[in-house]
1. Would a scan of region 36-46 turn up a residue that is modelled with pLDDT of 95 or more and touching a Phe, Trp or Tyr at 6+ places or on another chain (Cβ under 6 Å)?
2. Mind checking which residues of region 90-113 are in contact (Cβ under 8 Å) with a residue 24 or more places away in the chain, farther than 24 Å from residue 17 by Cα and either surrounded by fewer than 18 Cβ atoms within 10 Å (Cβ to Cβ) or among the charged types (D, E, K, R) (or both)?
3. Which of the residues that make up region 81-94 are within 18 Å of residue 47 (Cβ to Cβ) and out of contact with any Lys or Arg (no Cβ under 6 Å at 6 or more places or on another chain)?
Amino acid sequence: MNDQMSLFNEQAEGKKLRDEGMERVTQHNLSWLSSGIAIMRQQRNKMAGIEATGEMVKHHLMKCGLPKPAHPNAWGAMIRQAVHLHLLVDTGKSTHAIDAKSHACRVPVWRWS
């Protein structure tokens, strides 16, 4: 039982550290994030209903003119903000990442709303 409580505490600490990191990367990339969210809003009607991973959203936004952020973790912060703003909706599905650097890790599938 003690080991189980330890695991819960570690999970909570991991989420806390994740959230703190997301906040830092967000604060250091505010202008870039605003530009990305603006493009997502412009693309909303065109992309409505399409399912995509964060990678796919990233590549689409770059094709629309969004430059790379100062830090690669800013992409995750943007996806999180887009979900918060209901621009993307969690489908409950997952798939493997495509980019080789991601080592085919499992990633969520989102739907443009």
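The values are calculated or read from the model by the stated rules, or taken from the named source; none is laboratory data. Every value quoted in this text rests on a predicted model; they were computed, and no experiment measured them. Cβ sites come from the backbone with ideal geometry, for glycine too, and all protein chains shown count toward neighbours.
1. Within region 36-46, not a single residue is modelled with pLDDT of 95 or more and touching a Phe, Trp or Tyr at 6+ places or on another chain (Cβ under 6 Å).
2. The answer is 91, 93, 95, 98, 99, 111, 113.
3. 81, 82, 83, 84, 85, 86, 87, 88, 90, 93
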